[in-house]
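Here the structure comes first, spelled out in structure tokens, and everything after it is commentary.
Throughout, read-outs are computed from the coordinates displayed, never taken from laboratory work. Keep in mind it's a predicted model, so treat the numbers as computed, not measured. Cβ placement follows ideal geometry from the backbone for every residue including glycine, while neighbour counts extend to all protein chains displayed.
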Amino acid sequence: MNISAETIANFNQSSLINHQRQFEFLANQLEQKGIGVETVVERLRQFQVTVPSWALGTGGTRFGRFAIGGEPRNLSEKIEDVGLLHRFTGNNEAISLHIPWDQTNDYLAIQQLAQQRNIRFDAINSNTFQDQPRQKHSYKFGSLSHTQAEVRQQAIDHHLEVIKIGKELGSKALTLWLGDGSNFPGQVNFRKALERTEASMQEIYAQLPSDWQLLIEYKPFEPAFYSMIIPDWGTALMLCQSLGEQANVLVDLGHHLPNTNIEQIVARLLGVNRLGGFHFNDSHYADDDLTTGAIKPYRLFLIFCELVNGVTQAADLSNGQLAWMIDASHNTKDPLEDLLQATEGILIAYAQALLVDQSALEAAQENNEVTLAQEILQTAFRTDVRPLLAEARYRNGAGLYPLQLFRDLDIRQTLIQARGSASRATGL
Ligand SMILES: [Mn+2]
């Protein structure tokens, strides 16, 4: 499905006067405080959030799955769906693939389709947390950390295959997340398991193209419930430092124990120049995979404050330094609507962080003005920045209000008519 520029312009026209009134009111208020609104809007126009191929269909839990209908049946349809999201938001220009879920026999055709839709390929993901049909060795007891060399070799070979596919598509990063771990004390030798993992990763890293990054993800528990091979950012950082400069840590917001200070982790990784990027989602308990910004928007804002403060002086987060990806799963909402909301949630946090008076905050910190520091942050956080986002989208030729546009055009019903009500996307 391709939505024309004219359709979007017509939709925008109906809300334009109202939007302009809101934008001008906010812009005046911010300008009076000395905030350069044009710069903020420009940053928002440039910022791109990658959509994971596995979030385009409904997810499920181990208890069940409720299909929504019209889900993409193959990789081409996934590219089309991301193209649609990008048309609506102007902020979703890339897709992150997952191998083998997205395996296909004609990557050239896929690349051409992506070009037509103005979509590029972000980090590509491997999968050694489940066995695949016709696979010789099982990953039941681990992959890169497995006790047996032939299982480790199979997992290494899989990663090299993923790199090869990524090269064909123009990806520039491999994301590595391992489900390896143990469920009971005594099951694995912690030290030896990590040594084996490191040795396996070295073989993968040796084959990484020179302009690629290896993004290493960590997670405290699940699927293993006693120990995970890379449970925390410290272990991920150790591995990155041992591998080389192209290895960086990927922070998945849901991969922390409750109340972990994620913004401080982000600052630490920035400080040693090993922050590779993000998997955005939100959580209340653990790896809940909920919509970004739905549960703890203040935490998301504080993370963006560290990024704006730490990445560059110009606070430009779209310079290709970091990978920005959503990693979520939608069990009860329309997956495309959910991705629109997630993208909005991320952009809101970024916009609010751009409103923070950095020099006043620094002065408050230097002078131990605790109350003032809190006021500075909360003043930015409590600003309704949505007119800035709408303005950025409008200038990009995208929808002023993407979710409303999605609903007005009855996109889900159109997708169901084209793909059927029983279509099921590959993935989680
Ligand atoms: Mn993730």
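Structure above, values below:
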quantity	calculated
One residue from F184, F225 being more than 15 Å from the ligand (Cβ to nearest atom), of a type in the set (F, W, Y) and more than 29 Å from R299 (Cα to Cα)	F184
Residues located in segment 285-324, provided they are assigned to a loop (DSSP other than H, G, I, E, B), on the phi < 0 side of the Ramachandran plot and touching a residue at least 24 places away in the same chain (Cβ under 8 Å)	Y285, A286, D287, D288, T291, T292, A294, V311, D316, L317, S318, L322
Top-ranked residue in segment 361-401 [being surrounded by fewer than 17 Cβ atoms within 10 Å (Cβ to Cβ) and of a type in the set (D, E); ranked as nearest to T7 (Cα to Cα)]	D384
Any hit, segment 104-126, residues being surrounded by fewer than 22 Cβ atoms within 10 Å (Cβ to Cβ), assigned to a loop (DSSP other than H, G, I, E, B) and among the aromatic types (F, W, Y)	no
Single residue of G166, G179 found to be in a helix (DSSP H, G or I) and either of a type outside the set (V, I, T) or within 22 Å of the chain's Cα centre (by Cα) (or both)	G166
Hits in segment 268-298 (condition: more than 16 Å from the ligand (Cβ to nearest atom), small (G, A, S), farther than 20 Å from G60 by Cα and crowded, with 18+ Cβ neighbours inside 10 Å)	G293
Some residue of segment 231-238 being away from the ligand (no atom under 15 Å from the Cβ), touching a residue at least 24 places away in the same chain (Cβ under 8 Å) and in a helix (DSSP H, G or I)	yes
Matching residues in segment 5-49 - criterion: being in contact with a Lys or Arg (Cβ under 9 Å, 6 or more places away or on another chain) and either small (G, A, S) or in a strand (DSSP E or B) (or both)	A5
